[in-house]
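The values are calculated or read from the model by the stated rules, or taken from the named source; none is laboratory data. The model shown is predicted, which means the values in this text are computed figures rather than measured ones. So basically every Cβ, Gly included, is an ideal-geometry build from the backbone, and we count neighbours across all protein chains shown.
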Amino acid sequence: MHTEHKIILGTSEQMLELPDCNVQLMVTSPPYPMIKMWDDLFAQADPKIAKLWQKLNADCQEETVTEIYGAMHDYLGKVWQEAFRVLVDGGIACINVGDATRTINGKFKLYPNHSRITEICEKIGFTTLPYILWKKPTTKPKYKGKGAFLGSGFLPPNAYVTLDCEFILLFRKGNLRKFLPHDKLRYESVFTKAQRDIWFSQIWTLKGTRQTVNQLERRTAAYPDEIADRLIKMFSVKGETVLDPFLGSGTTTKIAIKNERNSIGYETDKNLLPILNKKIGSKEIKELDLKIINR
Ligand SMILES: C[S@@+](CC[C@H](N)C(=O)[O-])C[C@H]1O[C@@H](n2cnc3c(N)ncnc32)[C@H](O)[C@@H]1O
C-alpha cells in the first residue's frame, strides 16, 4: 500500500501544516517535566520557564518550584490542544510519560506528570480512557531519593518506592469511530486473540531502548519500537494517519511505515536528522514518499 510520510522540523505548538480533523491517531512521548535532562529544553522553548529558574535561585521558594512545574505543563498543553484540533472525531491520543521525583531546595517529592496531563487533556475536551503502565524491569530502588538503595535501606520509614513504571495515557476525542459494516482496510488490520489479550491488559513489561546507542541518540529518550507498534495496531487502521508531535529519533515514523499507515512527525531539534535517517533507513527514505520539511 502506498503511504505518505512527513517530518516537519519545527515546533508542534502550532501545527500550521495540518487542517482540523485530519489524523486518526497520535502516538507520542513529550519531554518529561521536572526530569533534569529536559530542563534546558523547556527553558529554551519558553523564556518564562528560564526566568522562573532564575527566580528560584534567588528566592528558594516552594511556590516557585510549583510555578516551574505548571509552566512546563502549560508548554506541553499547547501541543495537546493542537492534537485535539487535528484529530478526527473518535481519534485516539496515546501519550507516553513518566512521573518525576526530584530533590529541590532539599525537599524530595513526586511530580505526577501523568495526572497533570490527564487534567489538562480533560479540560481541552478529551475523554480519558483506561491507561497502560509500561513496567521497565531495569530501574534500581532509591534511598531518600538519592541513587541506589545500598545497605542502609532496610530500616523503615525513610525509603521511597521506585518509579519503575511509565504511563501510556489514552484519550479519545468525541464519539466512537464509525465504519461501514465490512470496511476492507479495517478487516485487514485485524489483530489476533493472543495479541489482544496482551495488548489490552494494563501492564506491559518491556525493556527500554538499548543503552549502547550514542549520546545524542540516548538524549532522545526513544521508546522501544514495540510500544509504537502495539499502539498503532490497536488504535488505527491501515492507510490512516498517525501523528507524533514530539518525534525525537523517529520511532513512530519507522513503525507507521512498517504497518502501512501514513505519518506526520514534528521535531524541533534539527541535530536529530542523522538519527532519523539512520532509524528509518536511507534506502527506505529514497524509495518512500517521505518529505522532510524545514519550517
Ligand atoms: C522524549 S523525546 C521523544 C522520543 C521519541 N518517542 C523517540 O522514540 O525517539 C521528546 C522530543 O520532543 C522534541 N520537542 C520538544 N518540544 C517540541 C515541540 N514543541 N515541537 C516538536 N518537538 C519538540 C524534543 O526535541 C525531543 O526530541
Subject >> the range 206-215: number of residues that are more than 18 Å from VAL27 (Cβ to Cβ) and surrounded by 11 or more Cβ atoms within 10 Å (Cβ to Cβ) >> reply: 2
Original post:
Can we say VAL237 is in a loop (DSSP other than H, G, I, E, B) and closer than 21 Å to LEU18 by Cα?
Top reply: yes
Subject >> Count of the range 17-52 residues which are more than 15 Å from the chain's Cα centre (by Cα) and in a strand (DSSP E or B) >> reply: 2
Subject >> Pick from the range 153-194, criterion aromatic (Phe, Trp, Tyr) and in a helix (DSSP H, G or I), ranking: surrounded by the most Cβ atoms within 10 Å (Cβ to Cβ) >> reply: TYR187
**OP:** Go through the range 123-138 and count every residue that is of a type in the set (Phe, Trp, Tyr) and within 16 Å of the chain's Cα centre (by Cα).
**Re:** 2
Original post:
Which is more than 13 Å from the ligand (Cβ to nearest atom), under 18 Å from ILE117 (Cβ atoms) and not acidic (Asp, Glu), of LEU56, LEU52, LEU25, LEU41?
Top reply: LEU25
**OP:** Please enumerate the residues belonging to the range 252-294 that are more than 12 Å from the ligand (Cβ to nearest atom), outside any helix (DSSP H, G or I) and touching a residue at least 60 places away in the same chain (Cβ under 8 Å).
**Re:** GLU260, ARG261, ASN262, SER263, LEU288, ASP289, LEU290, LYS291, ILE292, ILE293, ASN294
Original post:
Restricting attention to the range 70-120, which residues are β-branched (Val, Ile, Thr) and over 19 Å from PRO245 (Cα atoms)?
Top reply: THR101, THR103, ILE104
Subject >> Any pair with Cβ under 8 angstrom, 6 or more apart, that starts in the range 55-84 at a residue that is within 15 Å of ILE35 (Cα to Cα) and ends at one that is at pLDDT below 95 >> reply: VAL65/ILE104; VAL65/ASN105
**OP:** Sort out which residues of the range 162-182 are under 16 Å from TRP134 (Cα atoms) and of a type in the set (A, V, I, L, M, F, W, C), and write them in order of number.
**Re:** LEU163, CYS165, PHE167, ILE168, LEU169, LEU170
Subject >> Out of LYS107, LYS135, LYS123, sole residue that is surrounded by fewer than 16 Cβ atoms within 10 Å (Cβ to Cβ), at pLDDT below 95 and away from the ligand (no atom under 16 Å from the Cβ) >> reply: LYS107
**OP:** Can you work out which of the residues in the range 93-102 that are assigned to a strand (DSSP E or B) and farther than 13 Å from THR66 by Cα is nearest to the ligand (Cβ to nearest atom)?
**Re:** ASN96
**OP:** Considering only residues that are acidic (Asp, Glu) and in contact with a strand residue (DSSP E or B) (Cβ under 7 Å, 6 or more places away or on another chain), look in the range 215-251 and name the one that is farthest from the ligand (Cβ to nearest atom).
**Re:** GLU240
Original post:
Somewhere in the range 197-211, is a residue in a helix (DSSP H, G or I), of a type in the set (Gly, Ala, Ser) and out of contact with any strand residue (DSSP E or B) (no Cβ under 7 Å at 6 or more places or on another chain)?
Top reply: no
Original post:
In the range 80-91, which residues are assigned to a strand (DSSP E or B) and either hydroxyl-bearing (Ser, Thr, Tyr) or surrounded by 24 or more Cβ atoms within 10 Å (Cβ to Cβ) (or both)?
Top reply: LEU87, GLY91
